[in-house]
Amino acid sequence: MSHTVEAVLAQAVTYCLVGLDPRRAEVEAHLQLANRACQEAKERVRSGVASAELEWPRFRITVNLAPAELRKIGSGFDLPIALSVLAASRQVPEERLAEHVAFGELALDGRVRPVNGVLAVAEGASAAGIPRVLCAAESTPEAALSGIDVVPVRHLAEAVAYLRGERDPPTYVSSNGHRAEAPAPDLGDVLGQERPRRALELAAAGGHNLLLAGPPGTGKTMLGRRLPGVLPPLAAEEALEVTRIHSVAGMLAPERPLVLTPPFRAPHHSASTAAIVGGGPGPRPGEASLAHRGVLLLDEMPEFQRPALEALRQPLEDGAISIARAGGRALFPARFQLVATMNLCPCGGRGDPAAECSCSAQRLAAFRDKLSRALLDRFDLVVTVPRPRAHELEAARGEASAAVAPRVAAARGRLAAGGLERTAAADELLARAVERVPLSARGRARVARVAGTVAALAGADRVEGEHVAEALAYRTPAELATA
């Protein structure tokens, strides 16, 4: 039997993710696989087609993924490759396939497995005017967030029967139900520490970066982990932004596809630069992007690799991370609040009246060199956390997160309505501080922002001198500056 080119050529549409950006890719089957993604998919597709009791074409098959310059990685091409081969051999109607974007991995028995990033793929299809997306049933809640019609399939045979018009698309019913969000740690567990608690409330209200420094065992990590509990829920647009990132990273639960609360990330100090800011094949988002619109906690910050810490300077200013690779550039959003903790010296005795620092001058110098002045200058609030006193630890409970959160939300509302003007006295105090503290231009801007947050929390109409004075009290303390 002879075949013309038109008789054996078919095409399926899918999307390839470059960072968070969906790029259209066309899978062409001409009844030799041309590139790495095809080679990896070959045996899975062939076995899946056989498991669906469909015919694998007996003649030579060429599969091409276009455009050629777009690097294609991952198993999401399995389903579109299988469907394009079946369309080329006239086992499914090509015109029906053209109405869908296909995205999914095939198991050897023909089952369709979910693939990371289906939300971004569905959004790309919607923007291109393609009305439906064919994907794994488990990916349905996530893909549906884009507003596109989702056709959930559990097996390649289901997808073929649907495209042939032999059956309606199967309905998806989650087997796990809905899981409630785990409650964030409560601020009421922190006893005493009024000044660090005040700094934490300011950080929450103004979205400020916070550094907690002090001896071991004073509650620095405990405080940092309680910041998410006083932050307001994400707005609808913010929730979709965060969900898109977590979708590409494969961190969404099918029963809870939309991220509604600010994310919290606390990487280990051994994390590499790529793990913190992103990279690898693809590339993939790092911890800084996974913390977008939420909190990134660096516990024992000086223990992190200095290149990883320095790599955070750019996203702290720009709110985004740009990763350049030979195959192109990926841009990940990374507008997070940085909370860090640290001792004041390697041994931990510095700043503790009950202990004596045993560090040599050389050890202190090496410890100081781990943190650049440019990085420290990006913290709006720097607080020393003293060891709590006995009477503070005897208290039953501190002020709970539920009491602090409404104040934070009210202050955020005032700040969102417009910046508060400074009085002449506040401007004069800020000008004197630039000369005497001294403050860099960035430091001055950060003190001004913190002063605005102090005024907003107080319900004031203008930023007064006392608000600037409190903001100045949160600059780098002498113990840390000379550490």
Candidates ARG71, ARG132, filtered to the one that is closer than 27 Å to ALA249 by Cβ, surrounded by fewer than 24 Cβ atoms within 10 Å (Cβ to Cβ) and at pLDDT below 90: ARG71
Among all residue pairs at least 6 apart or on different chains, which show Cβ distances below 7 Å where the first residue, located in the range 423-442, is closer than 12 Å to VAL468 by Cβ and the second is of a type in the set (Asp, Glu) and not in a helix (DSSP H, G or I)? THR423/GLU464; ALA425/GLU464; ALA426/GLU464
Filtering the range 349-375 down to residues that are crowded, with 17+ Cβ neighbours inside 10 Å and closer than 27 Å to PRO228 by Cα yields LEU371, LEU375
With criteria (1) open to solvent by less than 20 Å² (accessible area, probe 1.4 Å); (2) on the phi > 0 side of the Ramachandran plot, ALA203 comes up short on (2)
Residues being farther than 14 Å from ARG24 by Cα, of a type in the set (A, V, I, L, M) and open to solvent by 40 Å² or more (accessible area, probe 1.4 Å) - total across the range 89-127: 1
Looking only at residues in the range 395-419 that are open to solvent by 50 Å² or more (accessible area, probe 1.4 Å) and more than 22 Å from ARG226 (Cα to Cα), which one is modelled with the lowest pLDDT? GLY419
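Return the total of residues in the range 222-239 being open to solvent by 40 Å² or more (accessible area, probe 1.4 Å) and in a helix (DSSP H, G or I).
Filtering the range 222-239 down to residues open to solvent by 40 Å² or more (accessible area, probe 1.4 Å) leaves 222, 225, 233, 235-238.
Checking which are in a helix (DSSP H, G or I) leaves us with 222, 236-238.
Matching residues across the range 222-239 total 4.
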Where a residue in the range 1-26 is part of a loop (DSSP other than H, G, I, E, B) and its partner, wherever it lies, is at pLDDT 70 or above, with Cβ under 6 Å and at least six apart: GLY19/ALA330; GLY19/LEU331; GLY19/PHE332; LEU20/ALA120; LEU20/ARG244; LEU20/VAL248
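The values are calculated or read from the model by the stated rules, or taken from the named source; none is laboratory data. Everything numeric in this text was worked out from a predicted model, so none of it was measured. Every residue, glycine among them, receives a Cβ derived from its backbone with ideal geometry; neighbour counts consider all protein chains shown. The accessibility values were calculated without ligands, DNA or RNA, using every heavy atom of the protein model including side chains. Shrake-Rupley method; radii C 1.70, N 1.55, O 1.52, S 1.80 Å.
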